[in-house]
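Student: Attaching a single structure in structure tokens format; questions to follow.
The values are calculated or read from the model by the stated rules, or taken from the named source; none is laboratory data. Since the model is a prediction, treat every value here as computed from it, not as a measurement. When we count neighbours, we look across all protein chains shown, and the Cβ atoms used for this are built from the backbone with ideal geometry, even at glycine.
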Amino acid sequence: MLETAKARLEFVPTMYANMVNSPGLLETYLLGYERFREHGGFTPAEQEVVFLTISRFHGCTYCMAAHSRIAERLSKVPAAVLQAVRTGTAIPAAKLAALSAFAHIMVESRGSPTRAHLQAFRVAGYSDRHALEIVLALAVKTLLLRPCEVLSCVANMPVLEVAHHTLRVLFQPRHVVVGSFA
């Protein structure tokens, strides 16, 4: 698993090195992230709106920085939309506003939107499948955020570079758990 991450990112993020102590955790995270990105049915801009909304709710400044950079450089999220999502203000694009609102409701309600919330999401042009893909995004973010809380990880002013369409994120934990990576 670490070899795959290194091949894709050109290095092994420390958070992955920590997560590999539970191979199922890292494998599930990587697979869920890949499935959301490649098969979730959202545009790249919509993906970032979902991840930024969830990250803002959880107060994860590291995630906000990483996804903001992806939004700017790779996903081409309009600057006004990105700023609004980052600050929690009105999003100037109706469909993206509905997406962010629903993602926020999903994380706030722990995946239990009301029928009215789901209907408003559908009216905005999204399907029930999109609602389920937001559940996947919530799971992926949980798989990343909770181990960092358990291991007291902190973001050390992330260094974010885009090279060859690959985001490099250097993450510095307080504690590195060393163990067998077999």
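Student: Among (1) more than 21 Å from Ala120 (Cβ to Cβ); (2) at pLDDT 95 or above; (3) touching a Lys or Arg at 6+ places or on another chain (Cβ under 9 Å), which single condition is Glu46 missing?
Tutor: (1)
Residues are listed down the side, and each one gets a yes or a no for (1) more than 20 Å from Gly41 (Cβ to Cβ); (2) crowded, with 16+ Cβ neighbours inside 10 Å; (3) at pLDDT 90 or above; (4) in contact with a Phe, Trp or Tyr (Cβ under 9 Å, 6 or more places away or on another chain):
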residue: Leu99; (1), (2), (3), (4): no, yes, yes, yes
residue: Arg110; (1), (2), (3), (4): yes, no, yes, no
residue: Gly125; (1), (2), (3), (4): no, no, yes, no
residue: His164; (1), (2), (3), (4): yes, no, no, no
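Student: Tally time: how many residues in segment 61-100 are within 20 Å of Ala124 (Cα to Cα), of a type in the set (A, V, I, L, M, F, W, C) and assigned to a loop (DSSP other than H, G, I, E, B)? Before you say what the answer is, go through the steps one by one.
Tutor: Step one: list which residues in segment 61-100 are within 20 Å of Ala124 (Cα to Cα), which gives 77-78, 80-82, 84-85, 88-100.
Then keep just the ones that are of a type in the set (A, V, I, L, M, F, W, C); that gives 77, 80-82, 84-85, 90-91, 93-94, 96-99.
Still in the running and assigned to a loop (DSSP other than H, G, I, E, B): 77, 90-91, 93.
Number satisfying all stated conditions: 4.
Student: Oh, and also: Let me confirm something: among Ala79, Ala101, which residue is closer than 17 Å to His130 by Cβ and without any contact (Cβ under 8 Å) to a residue 24 or more places away in the chain?
Tutor: Ala101
Student: Which residues, taken from segment 11-60, are more than 27 Å from Val81 (Cβ to Cβ), assigned to a helix (DSSP H, G or I) and of a type in the set (S, T, N, Q)?
Tutor: Thr14, Asn18, Thr28
Student: Continuing with the same structure: Tally the residues that are out of contact with any Leu (no Cβ under 7 Å at 6 or more places or on another chain) and within 22 Å of His130 (Cα to Cα), restricting the search to segment 46-62. Steps first, please.
Tutor: Quick first cut of segment 46-62, residues out of contact with any Leu (no Cβ under 7 Å at 6 or more places or on another chain) only: 47-48, 51-53, 55-57, 59, 61-62.
Okay, now just the ones that are also within 22 Å of His130 (Cα to Cα), so 47-48, 51-53, 55-57.
Summing the residues that are out of contact with any Leu (no Cβ under 7 Å at 6 or more places or on another chain) and within 22 Å of His130 (Cα to Cα) in segment 46-62 gives 8.
Student: For segment 63-76, which positions are over 22 Å from Arg110 (Cβ atoms), in contact with a helix residue (DSSP H, G or I) (Cβ under 8 Å, 6 or more places away or on another chain) and touching a residue at least 12 places away in the same chain (Cβ under 8 Å)?
Tutor: So in segment 63-76, the residues over 22 Å from Arg110 (Cβ atoms) come out as 65-66, 68-76.
With the extra rule that they be in contact with a helix residue (DSSP H, G or I) (Cβ under 8 Å, 6 or more places away or on another chain), the set shrinks to 68, 70-72, 74-76.
Listed by number, the residues that qualify are Ser68, Ile70, Ala71, Leu74, Ser75, Lys76.
For (1) part of a loop (DSSP other than H, G, I, E, B); (2) in contact with a Phe, Trp or Tyr (Cβ under 8 Å, 6 or more places away or on another chain); (3) modelled with pLDDT under 95, each residue gets a yes or a no:
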position: Met106; (1), (2), (3): no, no, no
position: His117; (1), (2), (3): no, yes, no
position: Ala120; (1), (2), (3): no, yes, no
position: Arg129; (1), (2), (3): no, no, no
position: Leu143; (1), (2), (3): no, yes, yes
position: Leu160; (1), (2), (3): no, no, yes
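Student: I need the full set of residues from segment 15-62 which are of a type in the set (D, E, K, R) and without any contact (Cβ under 8 Å) to a residue 24 or more places away in the chain, in order please. Show your work before the answer.
Tutor: First, the residues of segment 15-62 that are of a type in the set (D, E, K, R): 27, 34-35, 37-38, 46, 48, 56.
Listed by number, the residues that qualify are Glu34, Arg37, Glu38.
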